[in-house]
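Report on one structure; see the data block that follows.
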Amino acid sequence: MIEKRKDCKHEHGHPGHLCMLAAANQIEEIKHLVQNPKFVCFNCGRVADKEGNLCNPMPLK
């Protein structure tokens, strides 16, 4: 089980977030999740298509 980080705003934990994928060096998976970014993570600054792939998402627009 992946432990919930203190700076992660999702109640179900951290799996599938870009920071975890980057830590696991899953670059190809990340490429698929950032094709048309609509959200930015307020914690790390990464962008993603869906807010569910970020710890603390904010809309880009």
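The values are calculated or read from the model by the stated rules, or taken from the named source; none is laboratory data. What you see is a predicted model, and the numbers here were worked out from it, not measured in a lab. Glycine also receives a Cβ, built like all others from the backbone with ideal geometry; neighbour counts cover every protein chain displayed.
Quick check on Met1: is it aliphatic (A, V, I, L, M), loosely packed, with under 14 Cβ neighbours inside 10 Å and either touching a helix residue (DSSP H, G or I) at 6+ places or on another chain (Cβ under 7 Å) or at pLDDT below 90 (or both)? When the stated conditions are applied, Met1 passes them. I'd like the full set of residues that are in a loop (DSSP other than H, G, I, E, B), in contact with an Asp or Glu (Cβ under 9 Å, 6 or more places away or on another chain) and surrounded by 10 or more Cβ atoms within 10 Å (Cβ to Cβ), limited to region 21-41. If the condition is that a residue be in a loop (DSSP other than H, G, I, E, B), in contact with an Asp or Glu (Cβ under 9 Å, 6 or more places away or on another chain) and surrounded by 10 or more Cβ atoms within 10 Å (Cβ to Cβ), then Val34, Pro37, Lys38 are the ones that fit. Residues in region 42-61 that are surrounded by fewer than 16 Cβ atoms within 10 Å (Cβ to Cβ) and of a type in the set (Asp, Glu): Asp49 only.
Please count how many residues of region 42-52 are among the charged types (D, E, K, R), under 17 Å from Cys8 (Cβ atoms) and outside any helix (DSSP H, G or I). Before you say what the answer is, go through the steps one by one.
At the first step, the residues of region 42-52 found to be among the charged types (D, E, K, R) are 46, 49-51.
Of the ones still in play, those that are also under 17 Å from Cys8 (Cβ atoms) are 46, 50-51.
Then drop every residue that is not outside any helix (DSSP H, G or I), which leaves 46, 50.
Selection size over region 42-52: 2.
The set of residues in region 27-49 that are within 19 Å of Asp7 (Cβ to Cβ) and among the charged types (D, E, K, R) contains only Arg46.
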